[in-house]
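The block underneath contains the structure these notes are about, expressed in structure tokens.
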Amino acid sequence: MSEISIREVAPRDGLQNEDPVPTDAKVRLIDALSRTGVRRIEAVSFVHPKAIPQMADADEVWSRAWHNPDVRYSALIPNSRGAQRAIAAGFREIEVVVSASDTHNRRNLNRSTEESLDDISQLIPLVHDDGATLEVIVATSFGCPFEGDIDPDRVAAIVDRVRADGADRIAFGDTTGMGTPRRVRDLLSAVRPDLLHFHNTRGTGLANILTALELGVTEFDASAGGLGGCPYAPGASGNVATEEVVHMLHDMGISTGIDLDRLIEAAELAEELVGRSLPSGVLRAGPRTRTV
């Protein structure tokens, strides 16, 4: 394996879990990340401001951010109204979340998993009619803080349903950081996603990525500085840090297309914007490995 694709999620998934930061700050972060060589960025989410006040300015952020033609930008949406806003703003890559855990889905979306799947089945043709694609992110794929273990067969059934309904891509989210190499192997033996999203709550993020690499996965989410978490999953702090992932992959001789020095500068900016130290070890480490 010589090349890996990373989607940077700090502007949306990262900042969504922080106290609201000014619009200017969000634009600065997107612009800085757009200059790192990363090929995909999750920029904003179009949700009701009462639900996620951190994303209340999504339209303004996106209208003011620099759109690097070499970067694919995506937006997260909760429903058809969000999809309409995202498409009107110019997005052609859209994401929607459903939890494998019914309890977490109710906490996050105020409906059952089955009800969310019914909504997604109606959403897919609407998105396609406007020339956009829809990625379905299956949250709590590796475990739930409320229900515990999640049977891989349940995740596989969700994937079968949304693929049959016409979803363009599938991602698995380790929403609570419960994933371990054993859980990764168990789940990927039952069903394969297009992309994996790991948290580092329990310190297993990089180990999980290595395991997934061995199993042939080549696309991952990561967040500058390890910014983020999940407001509906108690204790689920921190996405895996993009610079830690890139540092490791480059040292293994695997290309990402990302300039590590510029990425570290963007992660330092993220620290500045949220006003606290972020969990990334690379930001406080010694000499850096080469960029690839």
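The values are calculated or read from the model by the stated rules, or taken from the named source; none is laboratory data. Fair warning: this is a prediction, and the values are worked out from it, not measured in the lab. Every residue, glycine among them, receives a Cβ derived from its backbone with ideal geometry; neighbour counts consider all protein chains shown. Note: areas computed on protein heavy atoms with side chains; ligands, DNA, RNA excluded. Shrake-Rupley method; radii C 1.70, N 1.55, O 1.52, S 1.80 Å.
Summarise the accessible area of the stretch 1-66 (1.4 Å probe, protein heavy atoms) by the percent that is carbon and sulfur. The partial results should precede the final answer.
Working: 1240 of 2530 Å².
Carbon and sulfur: 49 percent of the exposed surface of the stretch 1-66.
Please list, in chain and number order, the residues 5+ apart from Ser45 or on another chain whose amide H is under 5 Å from its amide H, with Hs placed from the backbone.
Residues meeting the criterion, in which the H sits 1.01 Å from N, are Leu76.
Return the sequence-ordered ³J(HN,Hα) values of the stretch 74-82 in whole Hz as given by the Karplus equation 6.51 cos²θ - 1.76 cosθ + 1.60 applied to θ = phi - 60°, using x for Gly and Pro.
10, 9, 8, 9, x, 6, 5, 4, x
What do you reckon, how do Leu206, Leu117 stack up by accessible area (1.4 Å probe), largest on top? List each step's numbers first, then the result.
Values: Leu206 50, Leu117 10 Å².
In descending accessible area the options line up as Leu206, Leu117.
Over the stretch 1-123, consider all pairs of different Cα atoms and compute the Kirkwood hydrodynamic radius from their mean reciprocal separation; express it in Å, one decimal. Show your work: numbers first, answer last.
Details: mean 1/r = 0.0658 Å⁻¹.
For the stretch 1-123, inverting the mean 1/r across all distinct Cα pairs yields 15.2 Å.
I'd like the FRET efficiency for Ala157 and Arg39, computed as 1/(1 + (r/R0)^6) with the beta carbon distance as r and R0 of 30 Å, rounded to 0.05. The partial results should precede the final answer.
On the way: r = 31 Å, r/R0 = 1.05.
Efficiency, from the Cβ-Cβ distance: 0.45.
Express in nm, to one decimal, how much length is gained between Glu3 and Gln122 on full extension, taking 0.36 nm for each residue of separation and deducting their alpha carbon distance.
Numbers: separation 119, 0.36 × 119 = 42.84 nm, distance 3.54 nm.
Value of the extension gain: 39.3 nm.
DSSP loop (so not H, G, I, E, B), at most 13 other Cβ within 10 Å: list which trypsin sites (Lys or Arg not before Pro) in the stretch 1-75 pass both filters.
Passing both the DSSP loop test and the Cβ count: Lys50.
Projected onto the charge dipole of the stretch 135-280 (+1 at Lys/Arg Cβ, -1 at Asp/Glu Cβ, origin at the Cα centre), which of Leu278, Leu195, Ser255 gives the Cα projection farthest towards the positive end?
Farthest along the dipole direction, towards plus: Leu195.
Please give me the summed charge of the neighbours of Gly281: other residues whose Cβ is under 10 Å from its Cβ, Lys and Arg +1, Asp and Glu -1. Mind showing how you got there, number by number?
Details: positive: Arg284; negative: Glu243, Glu244.
Net charge around Gly281: -1.
For Arg111, what residues show an amide H to amide H distance below 5 Å, using hydrogens built from the backbone and excluding near sequence neighbours?
Excluding prolines and chain starts, which carry no amide H, the hits are Arg106.
In percent, how large is the relative contact order of the stretch 183-276, given Cα pairs closer than 8 Å and 6 or more residues apart?
On the way: 103 pairs, mean separation 23.6, N = 94.
Across the stretch 183-276, relative contact order equals 25 percent.
Roll a 1.4 Å probe over the protein chains and send me the accessible area per residue for the stretch 93-172 in Å².
Details: 3190 Å² over 80 residues.
Result: 40 Å² per residue.
Enumerate the calculated ³J(HN,Hα) couplings along the stretch 269-274 in order (Karplus 6.51 cos²θ - 1.76 cosθ + 1.60, θ = phi - 60°), each rounded to whole Hz, writing x wherever the residue is Gly or Pro.
Along the stretch 269-274, the couplings run 4, 4, 4, 4, 5, 8 Hz.
Where in the stretch 14-112 are there chymotrypsin sites (Phe, Trp or Tyr not before Pro) that are in a DSSP coil and have at most 14 other Cβ atoms within 10 angstrom of their Cβ? Mind dumping the intermediate values first?
Values: sites: Phe46, Trp62, Trp66, Tyr73, Phe91; in loops: Phe46, Trp66, Phe91.
Answer in residue order: Trp66.
Once every DSSP H run of n ≥ 4 in the chain is given -39500 (n - 2.57) and the sum is divided by its residues, what mean residue ellipticity at 222 nm do you get, rounded to the nearest 500 deg cm²/dmol?
On the way: 10 runs with 112 residues, N = 292.
Helices in the chain give a 222 nm mean residue ellipticity of -11500 deg cm²/dmol.
Can you tally the net charge around Asp168? Count Lys and Arg as +1, Asp and Glu as -1, for every other residue whose Cβ sits under 12 Å from the Cβ of Asp168.
Working: positive: Arg92, Arg163, Arg169; negative: Glu93, Glu95, Glu135, Asp165, Asp194.
Combined, the nearby Lys, Arg, Asp and Glu give -2.
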